[in-house]
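K.L.:
The structure under discussion is supplied below as structure tokens; questions concerning it will follow.
Please treat every number below as a calculation from the coordinates, not as lab data. Note that this is a predicted model, so its numbers are computed, not measured. Because the Cβ atoms are built from the backbone with ideal geometry, glycine has one as well, and the counts that use them run over all protein chains shown.
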Amino acid sequence: MAGTPAPRRARVVENNPFLDTKNSFKEGATLADSVVDAGNSPTTQLRAGLVVGKNIATGLWHEASDAAADSGQFGILRDPVLSMLAIDNATERQNVTIYTANIIANSNKLQDLTAGAQTALEAAGMIFKAL
């Protein structure tokens, strides 16, 4: 006799910066080979939640300093990048998925969130909560 199944517990990922992504806009992007996560060690390992900006001249995504994103387009790295290094230890471009609109994120767990990036992302429908 089958009983009522126990409710599933949500899996909590301690460092997950994303609170709600079900209505998100995401896109494939290419990170420039120079991208680093300054708050991580080693810096060539990028954490999910790294805020990036698009360089309009190259079409590549960089860390989100307000100067690097001359297009005013910002996004948030969806998944970690284990290494920006190739086999010969030279850095190389990486194809990734970024969120560009309509997510709710924990701003305390995002990396490199500048004032300009936050303003642009909020205009794209992102909501930031400091938890």
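K.L.:
At a temperature of 4 °C and a viscosity of 1.567 mPa s, determine how fast segment 18-129 diffuses translationally according to Stokes-Einstein, using the Kirkwood radius over alpha-carbon pairs as Rh; express D in µm²/s, rounded to the nearest whole number. Present the calculation step by step, with values, prior to reporting the outcome.
P.N.:
Details: Rh = 13.8 Å.
Stokes-Einstein gives a translational diffusion coefficient of 94 µm²/s.
K.L.:
To the nearest 20 debye, what is the magnitude of the charge dipole of segment 18-129 about its Cα centre, counting +1 on the Cβ of each Lys and Arg and -1 on the Cβ of each Asp and Glu? Could the numbers behind the result be given before it?
P.N.:
On the way: 8 positive and 12 negative charges, 79 e Å.
Rounded to the nearest 20 debye, it is 380 debye.
K.L.:
Can you put 54, 22 in order of Cβ neighbours within 10 angstrom, beginning with the fewest?
P.N.:
Working: 54 23, 22 7.
Fewest-to-most ranking of 54, 22: 22, 54.
K.L.:
Please work out the ratio of the alpha-carbon Rg of segment 71-120 to 2.2 N^0.38 Å and round it to two decimals. Could the numbers behind the result be given before it?
P.N.:
Values: Rg = 13.3 Å, N = 50, 2.2 N^0.38 = 9.7 Å.
My calculation over the Cα atoms of segment 71-120 gives 1.37.
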